[in-house]
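Q: For reference, the structure I am asking about is given below.
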Amino acid sequence: DSHRALLRSAVALLLLLLHPIKCADAFTIAPLIDPQFYHAIPNTITYPTAFIAAFRTGAAVSVINQPRMPSIDSSAGSAVLRLPSGTRVRLFYPAANCTETSTSATEGSQMAPYCTNGRQTSDGMAAMVGFGLLGLSFLLGHLADASSGCIQNAPMIDSANSKSNNTPPLLIYSHGYGGNMDMATYFFRTMASKGMIVAAIEHTDGTASSTVLEDGSERR
């Protein structure tokens, strides 16, 4: 009964990953890891269940410490604006550092999230590629909890007092079908750390994977 032993191990591990606190109580999962419990389960159920449990477990393990934030030499800020047309724009820009302000730019500051609207944004991306219909939205769920590495609403560097003494160049990013203003966050952060201002537009015409309109409703 090697396949039943495999299923038993996979289910136990899956439960511990999904509900680590609840499953800490041995009595909670004891019936599910009892060998006698699996003798009545036919193979037509055993193998698919084992595969799903193993896939879910592997997916959970594969996104540990992901996404990996690249290192940058100077601080970057991030802010979300709304144009008169109702379109949202996410700005990435070189942030003032501790030598240009009275306090440190990072001390006591809040870091902007990778996804502006958290799980709503990541679920929108998952739905666009069909993960939602397959119940696989969790594959992009780790992006909802990730940090952008940008200081939220940080003061912008004063170009007049910067080393280059030049106005920062502006890069306007317009996503394609199924995109959004958050998809290239780490790339835009890197560009901002080099002295560039990036304006990532999120369209409201239905081409974005997910956006929030002026009335607070979501549009996909």
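The values are calculated or read from the model by the stated rules, or taken from the named source; none is laboratory data. Please read all numbers here as calculations on a predicted model, not as lab measurements. Cβ: placed from backbone, ideal geometry, glycine included. Neighbour counts: every protein chain shown. Only protein heavy atoms, including side chains, enter the accessible area calculation; ligands, DNA and RNA are left aside. Shrake-Rupley method; radii C 1.70, N 1.55, O 1.52, S 1.80 Å.
Q: Identify the single condition in (1) among the polar types (S, T, N, Q); (2) under 10 Å from Asp182 (Cβ atoms); (3) surrounded by fewer than 16 Cβ atoms within 10 Å (Cβ to Cβ) that Ser148 does not satisfy, given that it satisfies every other one.
A: The one condition Ser148 does not meet is (3).
Q: Among the residues in region 153-163, are any modelled with pLDDT of 85 or more, in contact with a Ser or Thr (Cβ under 6 Å, 6 or more places away or on another chain) and buried (at least 20 other Cβ atoms within 10 Å of the Cβ)? Can you show your working first?
A: At the first step, the residues of region 153-163 found to be modelled with pLDDT of 85 or more are 153-157.
Okay, now just the ones that are also in contact with a Ser or Thr (Cβ under 6 Å, 6 or more places away or on another chain), so none.
No, region 153-163 contains no residue that is modelled with pLDDT of 85 or more, in contact with a Ser or Thr (Cβ under 6 Å, 6 or more places away or on another chain) and buried (at least 20 other Cβ atoms within 10 Å of the Cβ).
Q: Then there's this: Could you say whether any residue in region 195-206 is assigned to a strand (DSSP E or B), in contact (Cβ under 8 Å) with a residue 24 or more places away in the chain and open to solvent by 60 Å² or more (accessible area, probe 1.4 Å)? Working first, answer last.
A: Step one: list which residues in region 195-206 are assigned to a strand (DSSP E or B), which gives 197-202.
The next check asks that each one be in contact (Cβ under 8 Å) with a residue 24 or more places away in the chain; those that pass are 197-202.
Next, from what is left, pick out any that are open to solvent by 60 Å² or more (accessible area, probe 1.4 Å): none.
No.
Q: Same structure, new question: Tell me, which residue of region 105-120 that is open to solvent by 30 Å² or more (accessible area, probe 1.4 Å) and in a strand (DSSP E or B) is modelled with the highest pLDDT?
A: So the residue we want is Pro113.
Q: Report, by residue number, each residue of region 198-217 that is within 18 Å of Pro113 (Cα to Cα) and over 17 Å from the mean Cα position of the chain (by Cα).
A: Matches in region 198-217: Val198, Ala199, Ile201.
Q: Let me confirm something: among Met191, Met183, which residue is touching a His at 6+ places or on another chain (Cβ under 7 Å) and open to solvent by 40 Å² or more (accessible area, probe 1.4 Å)? Spell out the reasoning first.
A: On the way: Met191 fails: touching a His at 6+ places or on another chain (Cβ under 7 Å).
Answer to the check: Met183.
Q: Could you list, in sequence order, the residues of region 207-220 that are assigned to a loop (DSSP other than H, G, I, E, B), within 16 Å of Arg82 (Cβ to Cβ) and touching a residue at least 12 places away in the same chain (Cβ under 8 Å)?
A: Within region 207-220, the subset assigned to a loop (DSSP other than H, G, I, E, B) is 207, 209-210, 213-217, 220.
Now narrow it down to the ones that are within 16 Å of Arg82 (Cβ to Cβ): 210, 213-217.
Those that are assigned to a loop (DSSP other than H, G, I, E, B), within 16 Å of Arg82 (Cβ to Cβ) and touching a residue at least 12 places away in the same chain (Cβ under 8 Å): Ser210, Leu213, Glu214.
Yes/no per residue for (1) modelled with pLDDT of 80 or more; (2) surrounded by 14 or more Cβ atoms within 10 Å (Cβ to Cβ):
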position	(1), (2)
Ala95	yes, yes
Thr103	no, no
Ser122	yes, yes
Leu136	no, yes
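For every residue, the table says whether it meets (1) touching a residue at least 60 places away in the same chain (Cβ under 8 Å); (2) closer than 20 Å to Ser75 by Cα; (3) part of a loop (DSSP other than H, G, I, E, B).
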{"site": "Ser122", "(1), (2), (3)": "no, no, no"}
{"site": "Gly132", "(1), (2), (3)": "no, no, yes"}
{"site": "His142", "(1), (2), (3)": "yes, no, no"}
{"site": "Gly149", "(1), (2), (3)": "yes, yes, no"}
{"site": "Thr167", "(1), (2), (3)": "no, yes, yes"}
{"site": "Tyr173", "(1), (2), (3)": "no, no, no"}
{"site": "Phe188", "(1), (2), (3)": "yes, yes, no"}
{"site": "Ala192", "(1), (2), (3)": "yes, yes, no"}
